[in-house]
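S.K.: Would you mind keeping the following structure in view while I ask a few things?
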Amino acid sequence: MSPVAVQLQRAVVLHGPKDLRIEERPFWPPSHNHVQVAVQSTGLCGSDLHYYLEGRNGDFALQGPLVLGHESAGVVTAVGPGVNNLLPGQRVAIEAGIMCKECNYCQAGRYNLCKGMRFASSAKTFPHLDGTLQDRMTHPAHVIHPLPDNCSFDQAALAEPLSVLIHAGRRAKLGSGQRVLVFGVGAIGILACALANAYGASRVVVVDINQARLDFAKSHGFASQTYCLPMVDKAKTTDEQLRRAKDNVTAALSKFNEPEGFDVVFECTGAEPCIQMSVHAAVAGGKVMLVGMGSRNVLLPLSAAALREVDIHGSFRYANTYPEALKLLASGKLHNIEKLITHRVPLEDTARAFELLARGKDEDGNMVIKIVIGPSS
């Protein structure tokens, strides 16, 4: 009997903090109800960066080698038995989470809260489920989404972070005519602005500590006005911390000429002072959406929220958002969204891409916002 030739592919594998290795691995035909996708674009995000720098993301620490990457699109190269809605050659986006489809949350359409969720590139479950920084990926067909004809692979890689904002927007009942304030103008904050504009917000403004990012948001039409927070020493007491948060946001609201606050506030930094400010930034009866992940335990001015009926909503990943995300990305309603992708590098240069993301600037001093990893050159 002649031996079967094993096909090999390249994968970028994280073994520990800053220990990325390019490895050759075998790949096999897709199993029942699975498809194989040749990955064309993977966007790097903050959680990927935490794993790269620290070997962990919050409570989830590496327990074995892990392939990162979960913001991805590519081309179907093979389909397993039972798959009849996808064909080889089809352009698709990869939704990274695999839900159980059976628990109460899944049955209620809230599969983002599924206790049995396995998420590609996350160390929460073990054995880890590898992500998309590899030549090919095999994944269940029910979380593979066809691309509209006029949606590029790079745009489709934005469907994952955009889904985070679509989910948050649904929880905030984001709609036309609303005034929206966004804390933080990284990739997620920019997407929050773009989505609010696409939904017909009457006004979108942003707050950050980085003037260059604020200028980027305004010059590309994501926000109509910006406010740069002053850099100060850390508050010595909790009373001073809360007072400073209120004073800072009062100054911002004064500049925006919205002393009563905004209808919807997207907090996209995860930083404790900004979370505190967001409560005061919302109008009476308004909503605060906690999107950013950072501080684990936060001191909150809860009475300021309770007495003004400000709703504070948590938001975790997304559910049933990919079709809308891809439709929006193809529609042209997210003006200048392609400007979010500032750098593109081949798979073998992934380590350099992570270093660029960590620095926030490239070798020429250009700002780094979103890096997309392409196929091996």
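S.K.: Name the residue, out of GLY360, GLY286, that is at positive phi, out of contact with any helix residue (DSSP H, G or I) (no Cβ under 7 Å at 6 or more places or on another chain) and open to solvent by less than 50 Å² (accessible area, probe 1.4 Å).
M.R.: Details: GLY286 fails: at positive phi.
Just a single option satisfies the conditions, and that option is GLY360.
S.K.: Then there's this: From the residues in the range 14-27 that are closer than 20 Å to ILE371 by Cβ, free of Cβ contacts under 8 Å to residues at least 60 places away in the same chain and in contact with a strand residue (DSSP E or B) (Cβ under 6 Å, 6 or more places away or on another chain), which one is surrounded by the most Cβ atoms within 10 Å (Cβ to Cβ)?
M.R.: LEU14
S.K.: Name the residues in the range 66-86 that are surrounded by fewer than 16 Cβ atoms within 10 Å (Cβ to Cβ) and in contact (Cβ under 8 Å) with a residue 24 or more places away in the chain, would you?
M.R.: Listed by number, the residues that qualify are PRO81, GLY82, ASN85.
S.K.: Whether any residue in the range 130-142 is in contact (Cβ under 8 Å) with a residue 40 or more places away in the chain, in a loop (DSSP other than H, G, I, E, B) and on the phi > 0 side of the Ramachandran plot is what I want to check.
M.R.: No, every residue in the range 130-142 fails to be in contact (Cβ under 8 Å) with a residue 40 or more places away in the chain, in a loop (DSSP other than H, G, I, E, B) and on the phi > 0 side of the Ramachandran plot.
S.K.: So, GLY89, is that one surrounded by 21 or more Cβ atoms within 10 Å (Cβ to Cβ) and small (Gly, Ala, Ser) or not?
M.R.: So GLY89 fails the test.
S.K.: Another question about this same structure. Restricting to the range 306-334, what's the tally of residues that are modelled with pLDDT of 95 or more, more than 14 Å from the chain's Cα centre (by Cα) and either outside any strand (DSSP E or B) or of a type in the set (Phe, Trp, Tyr) (or both)?
M.R.: Adding up the residues that qualify gives 16.
S.K.: If you take just the helices (runs of 4 or more DSSP H) that sit entirely in the range 204-281, which of them hold at least 2 residues that are without any contact (Cβ under 8 Å) to a residue 40 or more places away in the chain and in contact with a Pro (Cβ under 7 Å, 6 or more places away or on another chain)?
M.R.: 272-281
S.K.: Let me ask something additional. Which ones in the range 174-198 are out of contact with any Asp or Glu (no Cβ under 6 Å at 6 or more places or on another chain), open to solvent by 20 Å² or more (accessible area, probe 1.4 Å), not aliphatic (A, V, I, L, M) and not in a loop (DSSP other than H, G, I, E, B)?
M.R.: ASN197
S.K.: Among the residues in the range 182-198, are any within 20 Å of the chain's Cα centre (by Cα), aromatic (Phe, Trp, Tyr) and closer than 18 Å to VAL249 by Cβ?
M.R.: Pass one, the range 182-198, residues within 20 Å of the chain's Cα centre (by Cα): 182-198.
Among the residues that remain, those that are also aromatic (Phe, Trp, Tyr) are: 183.
If we keep only those that are closer than 18 Å to VAL249 by Cβ as well, we get 183.
Checking the range 182-198: at least one residue is within 20 Å of the chain's Cα centre (by Cα), aromatic (Phe, Trp, Tyr) and closer than 18 Å to VAL249 by Cβ.
S.K.: Does PRO30 meet the test of being open to solvent by less than 70 Å² (accessible area, probe 1.4 Å), within 19 Å of GLU95 (Cα to Cα), in contact (Cβ under 8 Å) with a residue 12 or more places away in the chain and out of contact with any His (no Cβ under 6 Å at 6 or more places or on another chain)? Spell out the reasoning first.
M.R.: Working: open to solvent by less than 70 Å² (accessible area, probe 1.4 Å): yes; within 19 Å of GLU95 (Cα to Cα): yes; in contact (Cβ under 8 Å) with a residue 12 or more places away in the chain: yes; out of contact with any His (no Cβ under 6 Å at 6 or more places or on another chain): yes.
So PRO30 passes the test.
S.K.: Take THR226 and tell me if it is among the hydroxyl-bearing types (Ser, Thr, Tyr), farther than 21 Å from PRO161 by Cα and open to solvent by 30 Å² or more (accessible area, probe 1.4 Å).
M.R.: No: the conditions fail for THR226.
S.K.: Please go through (1) open to solvent by 30 Å² or more (accessible area, probe 1.4 Å); (2) assigned to a loop (DSSP other than H, G, I, E, B); (3) under 22 Å from ALA325 (Cβ atoms) for TYR105 and return the number of the only condition it doesn't satisfy.
M.R.: Every listed condition holds for TYR105 apart from (2).
S.K.: Collect the residues in the range 136-156 that are over 23 Å from ASN33 (Cα atoms) and open to solvent by less than 10 Å² (accessible area, probe 1.4 Å), keeping them in residue-number order.
M.R.: Applying the first criterion (over 23 Å from ASN33 (Cα atoms)) to the range 136-156 yields 149-155.
Correct list: CYS151 only.
The values are calculated or read from the model by the stated rules, or taken from the named source; none is laboratory data. Computed from a predicted structure; not experimentally measured. Note that we place each Cβ from the backbone using ideal geometry, even for glycine, and neighbour counts take in every protein chain shown. We work out accessible area using only protein heavy atoms, side chains counted, and drop any ligands, DNA or RNA first. Shrake-Rupley method; radii C 1.70, N 1.55, O 1.52, S 1.80 Å.
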